[in-house]
1. Return the residue satisfying two criteria in turn: it lies in segment 313-335 and is buried (at least 20 other Cβ atoms within 10 Å of the Cβ) and in contact with a strand residue (DSSP E or B) (Cβ under 6 Å, 6 or more places away or on another chain), and of such residues it is modelled with the lowest pLDDT.
2. Could you look through segment 189-220, keep only residues that are part of a loop (DSSP other than H, G, I, E, B) and within 20 Å of residue 236 (Cβ to Cβ), and pick out the one that is modelled with the lowest pLDDT?
3. Just wondering, is there one or more residues in segment 399-412 that are in a helix (DSSP H, G or I) and outside the structural domain of residue 73 (by TED's automatic domain parsing)?
4. Please tell me if residue 422 is outside any strand (DSSP E or B), under 18 Å from residue 306 (Cα atoms) and modelled with pLDDT of 95 or more.
5. Name the single residue, out of those in segment 174-188 being touching a residue at least 12 places away in the same chain (Cβ under 8 Å) and not in a loop (DSSP other than H, G, I, E, B), that is surrounded by the most Cβ atoms within 10 Å (Cβ to Cβ).
6. When residue 272 is evaluated against the numbered criteria (1) crowded, with 21+ Cβ neighbours inside 10 Å; (2) within 23 Å of the chain's Cα centre (by Cα); (3) more than 19 Å from residue 407 (Cβ to Cβ), which criterion, by number, is the only one it fails?
7. Is segment 269-276 home to any residue that is within 30 Å of residue 326 (Cβ to Cβ), assigned to a helix (DSSP H, G or I) and modelled with pLDDT of 90 or more?
8. Against the condition modelled with pLDDT under 90 and assigned to a helix (DSSP H, G or I), how does residue 138 come out, does it pass?
């Protein structure tokens, strides 16, 4: 039975919200949905209930949504190792979901962080699923999943669509509070102007959380407090109001069932507010990207060696010079995996710092809104060009050297980097796995400002400042000490080897050796080798063994891993 139907059927919420969130039809079918043997029609009704639709037939908007997700996943999907049925294992399903949300929305979903150690017993520990859809977690990752059954592209798209819905389309509680603050009821129709004011309040709840937002809104001068607390608050307000207008436009260009009464009038319902909230969540990282780029530009300007690293003393020196950023403590930078301590001078890793939780502007219970991961476009280009889980060194080098760096120039790989890549290939039977730690590490040294240095799983964490505690900020004394010590040492990074952090620890997301693609190429090599041996045997018979020198290249290359 396809997971594409099971996914939405398994989404669950608290009994108090069941009627509003899923619709009454869900409860009529709930008892039949615990088994993978449920009928296709029952599963389809549940799918429609989750997405607020009726009937057993899947509506066009759901089909389009799944098709859009599948299309965006396809380049990554083609490059993943699969079993004989063309399916992937559960680790790769989690990996796909993480890549999708980070690439599309700059969203780090709690429970999908690459820094986590994901073993079979913790496979379904995705926060939003555990809280709102435990049945889905059990169907996909837990005891109800047949161990021998992998996941198809449609399965992956279905799970991601369910996650997308849970993360972005269910901001009911904060919206209800924003309605209440303005003296409105959720079932009350609002004008566009009124809805814009409600969504502005919602934005404070979304960015700060309930307790802090309510404290701000109690103050008569709350708008000035918001301007002080949020950089470019007026721009944020403009974006929020634009989300309301965009939701209106979408309703008029693609009306849904039930929109008739509000389609041409000036009334806006609660569903319109939910739509606008979802647009804010999905688009905020792109809106905030200018701030992220300004932070990165400041760091790159301090990177005099072009290695993607900034001396810790320069990092703190910029803060002392008036830069409001770059005040994280050494311990917090270490926890984030943004500190290189392998050389003679401690250095901040630019890409790791940019992807660190301290640079995530919105911190919700189930996800963080972070800076866009620039390495996603790098890796996607490589995946699309190669289209396979593994590749020969020559192919990888050819693809990478046809890519451009930040300045628009073609990448030129040093002999040291080519040697490193060859070592990775030799470790894996002659080809480079594209989704292992060693290849990710190699990409970091090729694109040091875009691609993070990958630490071993479990040694770094996406810990927010609030989770880390009061010690997340460096003290003025510690900052001065670092700057002064570095000035006394006067260490020049130009004389230091910049690959001191390289580690030979490999971590693969799947068993590449036994995938269909990998073993298929090995089988083709063996067949060719056997044919060569038979051909050589014929030569020996006709011309004598002395006509063929010892150590023939063809026989030397026959090596079965």
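The values are calculated or read from the model by the stated rules, or taken from the named source; none is laboratory data. All values reported here derive from a predicted model rather than from experimental measurement. Please note: Cβ atoms are built from the backbone with ideal geometry, for glycine as well, and neighbour counts cover all protein chains shown.
1. Going through the qualifying residues, I end up with 315.
2. Step one: of segment 189-220, the residues part of a loop (DSSP other than H, G, I, E, B) are 189, 191, 209, 219-220.
Restricting the remaining residues to those that are within 20 Å of residue 236 (Cβ to Cβ) gives 209, 219.
Numbers: 209: 89, 219: 93.
My answer is 209.
3. Quick first cut of segment 399-412, residues in a helix (DSSP H, G or I) only: 399-400.
Next cut, outside the structural domain of residue 73 (by TED's automatic domain parsing) only: 399-400.
Looking for residues that are in a helix (DSSP H, G or I) and outside the structural domain of residue 73 (by TED's automatic domain parsing), one finds at least one in segment 399-412, hence yes.
4. Working: outside any strand (DSSP E or B): yes; under 18 Å from residue 306 (Cα atoms): no; modelled with pLDDT of 95 or more: yes.
No.
5. Initially, segment 174-188 is screened for residues touching a residue at least 12 places away in the same chain (Cβ under 8 Å), giving 174-175, 177-179, 181-182, 184, 186-187.
Subsequent filtering for residues that are not in a loop (DSSP other than H, G, I, E, B) retains 174-175, 177-179, 181.
Details: 174: 19, 175: 22, 177: 18, 178: 26, 179: 22, 181: 18.
Only one residue fits best here, namely 178.
6. Only one criterion is unmet by residue 272, namely (2).
7. Filtering segment 269-276 down to residues within 30 Å of residue 326 (Cβ to Cβ) leaves none.
No - not one qualifying residue is present in segment 269-276.
8. Working: modelled with pLDDT under 90: yes; assigned to a helix (DSSP H, G or I): yes.
For residue 138, the condition - modelled with pLDDT under 90 and assigned to a helix (DSSP H, G or I) - is met.
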